[in-house]
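**Student:** Below is one structure. I have some questions about it.
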Amino acid sequence: MKTRYLTEGCILSKEIRGLSDRPIMYEKTVLTAELIEALQAFFITEVSVDRTLIDGKRFFPKEVIDPELDQVEESSDFTELYLKSIQAYKRLFRNWQAGSKVDVAMIRLIMIPLLDKALEEPRNILMLHHYCNKEDYLFHHAISIGLIGGYIASKMKCSRADVYQLAIGGCLADCAMAKLPPKLLTKTESLTVEDYEEIHKHPIFSYKMIKDSSIIKDSVKTAILEHHGRLDGTGYPKSLKTKPMNLFSRIIAVADVFHAMTSERTYRGKQSPFKVLEMILHDEFGKFDIEVVKTLLSSFASISIGSSVKLNNGFIAEIMFIDASHQTKPIIKLKDSGQVINLSLTRELYIEEIL
């Protein structure tokens, strides 16, 4: 039985041994919430349990109750796993629209296997904008904030537990979008002042929807509330001006704006990751945590070497080299002519899309 499906009252049918071959927990141990959390902290993914709980009731694990989520976990290909996760999140979102409470445990079941797979193949994380479409933008955005945020946290040497926490929090940052008028979510024309006022309420409502969860830390709950705040005091909600944003807030803020600006939305076109990172780094200077931005930028740059790109003039090129001082303007080689161009020396040319 996978530990993520355990509930309080499960009884171990076999002892659990650690690396020293000494028992961590003995056979017939009755699992509490604390013990289950300890198993996950030790990265123990599977245990053997009785089919009867301590109260005498039959144990029906979530892997039996919700086979679709189990299918998400079983996928071996990142793209397949990602797209199944989108559909799983979409079903949950529809439930929230119908009035259901947010089940954070279900978000954890979606995000952890996907993040584990993504961290094995990090290039996939930085190419998430390719999957996004206008119709399902909200669902792609939620999953992508979690993945990008978790990736940044891992590169900043956060603990694996905090990386998981951040991924779950990032995924839930926009859960209150389910409470907005449906016509606002699918609007194709430019948003009005009134539309923006409505949308700007969502961090507060997202926080209210998850504030009683015992699965996520208080600092992550705060990050959900603060993820549209900015270090210079701008952003929203406007009431959050009395204390500095915590690290989780600052990471989710960058992950959110990076994916949003690189994705196709109903009322706005997408921009290239290099252009977006340059805008965040320079045009939006002072709004975002510089270390968080630089972590994402350097990771993106190193993974992008060898990638094919389309320039704004329509030419196709390959990224040959990225100078640490000009990470958004690499040296490229045109596919047709073989000409080498240093984009840091030309203003008229820039990367429009990574292929």
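Residue by residue, here is whether (1) closer than 21 Å to I216 by Cβ; (2) basic (K, R); (3) in contact with a helix residue (DSSP H, G or I) (Cβ under 9 Å, 6 or more places away or on another chain) holds:
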site: I16; (1), (2), (3): no, no, yes
site: A33; (1), (2), (3): yes, no, no
site: F43; (1), (2), (3): yes, no, yes
site: L53; (1), (2), (3): no, no, no
site: K57; (1), (2), (3): no, yes, no
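**Student:** Would you pick out the residues in the stretch 284-318 that are of a type in the set (D, E, K, R) and either in a strand (DSSP E or B) or more than 18 Å from I251 (Cα to Cα) (or both)?
**Tutor:** Residues satisfying the conditions are K310, E318.
**Student:** With respect to the numbered conditions (1) within 30 Å of N313 (Cα to Cα); (2) touching an Asp or Glu at 6+ places or on another chain (Cβ under 7 Å), which one is the sole condition not fulfilled by R250?
**Tutor:** Unmet for R250, out of (1) within 30 Å of N313 (Cα to Cα); (2) touching an Asp or Glu at 6+ places or on another chain (Cβ under 7 Å): (1).
**Student:** While we're looking at this one, here's another question. Applying the selection to the stretch 3-43, what residues are surrounded by fewer than 16 Cβ atoms within 10 Å (Cβ to Cβ) and either in contact (Cβ under 8 Å) with a residue 60 or more places away in the chain or hydrophobic (A, V, I, L, M, F, W, C) (or both)?
**Tutor:** Answer for the stretch 3-43, where residues must be surrounded by fewer than 16 Cβ atoms within 10 Å (Cβ to Cβ) and either in contact (Cβ under 8 Å) with a residue 60 or more places away in the chain or hydrophobic (A, V, I, L, M, F, W, C) (or both): L19, V30, A33, A38, A41, F42, F43.
**Student:** Spot the failing condition for H228; the list is (1) surrounded by 15 or more Cβ atoms within 10 Å (Cβ to Cβ); (2) farther than 15 Å from H200 by Cα, and only one is missed.
**Tutor:** Single failed check for H228: (2).
**Student:** While we're here: For the stretch 126-155, which residues satisfy the criterion of being more than 17 Å from V276 (Cα to Cα) and either acidic (D, E) or touching a Gly at 6+ places or on another chain (Cβ under 6 Å) (or both)?
**Tutor:** E135, D136, G146
**Student:** Filter the stretch 163-211 down to the residues that are more than 29 Å from L119 (Cα to Cα), out of contact with any Lys or Arg (no Cβ under 8 Å at 6 or more places or on another chain) and of a type in the set (D, E), then identify the one that is modelled with the lowest pLDDT.
**Tutor:** Once the filter is applied, the top-ranked residue is E189.
**Student:** Quick one: would you say K221 is closer than 20 Å to S299 by Cβ, among the charged types (D, E, K, R) and surrounded by 17 or more Cβ atoms within 10 Å (Cβ to Cβ)?
**Tutor:** Numbers: closer than 20 Å to S299 by Cβ: no; among the charged types (D, E, K, R): yes; surrounded by 17 or more Cβ atoms within 10 Å (Cβ to Cβ): yes.
No.
**Student:** Also, quick follow-up: Mind checking which pairs have a first residue in the stretch 269-287 that is farther than 17 Å from S298 by Cβ and a second that is of a type in the set (S, T, N, Q), Cβ under 6 Å, 6 or more apart or different chains?
**Tutor:** Hits for this filter: K270/T262; K270/S263.
**Student:** Being surrounded by 17 or more Cβ atoms within 10 Å (Cβ to Cβ) and modelled with pLDDT of 85 or more narrows it down to one residue among L69, L92, L53; which is it?
**Tutor:** The match here is L92.
**Student:** Moving on. Looking at the structure I just gave you, is E15 modelled with pLDDT of 80 or more and farther than 28 Å from L119 by Cβ?
**Tutor:** Yes.
The values are calculated or read from the model by the stated rules, or taken from the named source; none is laboratory data. Note that the structure is a prediction, hence the values are computed from the model and not measured. A quick note on method: Cβ atoms are made from the backbone with ideal geometry, for glycine too, and the neighbour counts reach across all protein chains shown.
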